[in-house]
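Working notes, beginning with the structure itself.
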Amino acid sequence: MLAAGKVVTRLGSHCPWHRCHRSLSRISVRDALTSHDGDTKKVKVQGWVRSVRDQKEVLFLHINDGSSLQNLQIVAEPSLRHSSISFGSAVEVSGALVSSVGTKQSVEVKAEEIRVIGECDTKDFPFKIKQRHTPEYVRQFPHLRCRTNTLGSLLRIRSEATAAIHEYFQSHGYVHIHTPIITSNDCEGAGELFQVEAGNKDPAPGDNGGFFGVPAFLTVSGQLHLEVMSGAFTRVFTFGPTFRAENSQTRRHLAEFYMVEAEISFTESLEDIMQVMEDLFKRTTSALLSKCAEDLAFFFKYVSPGQKDKSEQLIKNKFTVMSYTEAIEILRKAPDTFRHSTEWGCDLQTEHEKYLVSYCGDVPVFVVNYPYDLKPFYTRDNEDGPQRTVSAVDLLVPGIGELFGGSLREERLHILESRLDRLGLADMYQWYLDLRKFGPVPHGGFGMGFERYLQCILGVDNIKDVIPFPRYPYSCLL
């Protein structure tokens with residue numbers, strides 16, 4: 001039984017709690033769980049209550065502050081009970097961090113004071129203690145779903161993946177470029193753009209240019225802006241939001257998603273680009289497996305059983321390489337019946353991509369040298385005869401299909417001018433032609449869909465469940 005306490009629970013609304021107990025060491029739940037050296041230490045912990053167990057002679061709380069999947073146990077004497085302490089309430093606990101006598105945790109805090117900073121109405125709170133909720137149900141509450149274990153783990157993994165990607169590029173001499181979100185270019189050429197207009201400005205008579213004087217859109221890619229920068233920096237990258245006005249409700253599509261993109265100057269080899277893609281994938285995945293073991297274990301147990309071995313296998317094997325022509329031959333000989341055409345010149349669909357990965361033993365596959373007419377104007381012409389191809393590459397991965405897309409860029413002015421003329425784009429992309437007039441160099445690059453990468457590693461079926469605030473047709477909550 002605990003010794004009698006000398007303090008009582010106080011409501012945060014009646015106390016300037018932020019000025020109290022300055023002598024105590026404020027510590028995160030994660031640090032409390034991992035850095036305890038066995039000595040008793042006075043601490044202050046802040047977080048949200050995940051469970052309450054009220055026994056006759058002792059009160060047990062488990063609190064979490066988002067720094068760790070595991071909760072920190074609080075042991076308190078009966079005098080610290082208060083009706084405001086409930087599942088979901090925000091609390092500040094002052095007490096002694098000690099070794100735990102229990103077997104389920106190594107440390108615990110013996111509370112001397114518990115302050116309720118924010119109450120939680122458990123009746124109206126949409127998530128119930130010890131109850132598993134479907135992703136579809138949780139998705140209805142974008143302002144609250146970060147409080148679930150699943151999204152909490154996802155966001156910590158996402159944060160570590162972001163850091164690992166930045167670390168990879170910076171350790172290899174890349175310069176991080178903040179490419180614009182508002183642009184006058186359609187990099188992909190698909191026309192699936194969100195147009196940007198001022199909402200509080202009436203255009204002057206005859207003014208059709210809008211706020212910027214030209215049509216402006218939310219970016220679909222930072223590639224063209226990276227190409228500008230690759231005229232002064234040999235290695236550049238960007239990592240930011242991109243937008244696609246594709247009216248699709250599938251598990252694969254979002255209207256807003258994040259892209260990792262890079263450009264490398266002074267390279268004439270598609271293999272150089274592919275090597276960076278493979279290294280980035282493996283280094284990032286290795287970092288996650290090392291630094292996010294607890295959160296990944298949660299996903300592999302409760303969200304995607306069986307995914308652990310698959311994810312670990314992705315970094316062990318050298319990626320397979322095949323040409324587009326070889327891929328088409330494999331598909332045409334496949335025993336499967338495909339919904340989409342497998343004739344040479346047709347774009348590979350998701351069903352084709354997944355089959356090719358399966359055919360190669362669930363090892364990621366580079367498909368190279370696509371037909372000339374399938375890729376954008378900036379892709380370098382291979383000038384290889386009747387079946388004209390370009391130096392483009394897609395990386396296909398298990399469960400997803402295309403994850404990376406890249407190419408060598410057409411640096412030869414006369415070839416680029418000819419293609420833009422045929423497409424009627426020469427005037428629009430005069431600035432792009434200028435890049436080929438003033439110190440051009442052979443270069444290439446790639447882009448990776450960040451949410452698709454997370455799906456691949458975590459085994460999550462729906463892309464809407466790997467981003468904090470999913471945007472898709474008829475859904476823009478918050």
Pairwise FRET efficiency - LYS318 versus VAL175, Cβ, R0 = 35 Å, nearest 0.05: 0.75
Accessible area in the full protein assembly, largest first, 1.4 Å probe, for LYS128, LYS464, LYS375: LYS128, LYS375, LYS464
Sulfur and carbon atoms: percent of accessible area, the chain [1.4 Å]: 51 percent
Residues whose placed amide H lies under 5 Å from that of LEU254, excluding near-sequence neighbours: none
Cα-Cα pairs of the stretch 389-478 separated by more than 20 Å (percent): 57 percent
Accessible area per residue in Å² at 1.4 Å probe, computed on the stretch 71-163: 46 Å²
For the stretch 274-321, accessible area per residue (1.4 Å probe, heavy atoms of protein chains only), Å²: 50 Å²
Residue-averaged 222 nm ellipticity for the chain, from DSSP H runs of 4+ at -39500 (n - 2.57), nearest 500: -7500 deg cm²/dmol
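Using a cut-off of 14 Å between beta-carbons, work out the net charge of the residues near THR267 (Lys and Arg +1, Asp and Glu -1, THR267 not included).
On the way: positive: ARG235, ARG380, ARG409; negative: GLU227, GLU263, GLU268, GLU271, ASP272, GLU410, GLU411.
My count for the surroundings of THR267 gives -4.
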Long-range HN-HN contacts of PHE211 with modeled amide H, under 5 Å: ALA198
Shape category assigned to the chain from the gyration tensor of Cα positions, a/c cut at 1.5: prolate
Distance violations [Cα-Cα > 19 Å] among LYS42/LYS110; LYS310/LYS354; LYS310/LYS464; LYS282/LYS316; LYS56/LYS128; LYS282/LYS308: LYS310/LYS464; LYS56/LYS128
Extreme residue, positive dipole direction of the chain, given options MET322, LEU280, TYR372 (C-beta unit charges): LEU280
Distance between modelled label sites at GLU136 and SER79, nm, 7 Å Cα→Cβ extension: 5.3 nm
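The values are calculated or read from the model by the stated rules, or taken from the named source; none is laboratory data. None of these values were measured; they are calculated from a predicted model. Positions of Cβ are generated from backbone atoms using ideal geometry, with glycine treated the same way; all protein chains shown enter the neighbour counts. Accessible surface is based on the protein model in full, side chains and every heavy atom, while ligands, DNA and RNA are left aside. Shrake-Rupley method; radii C 1.70, N 1.55, O 1.52, S 1.80 Å.
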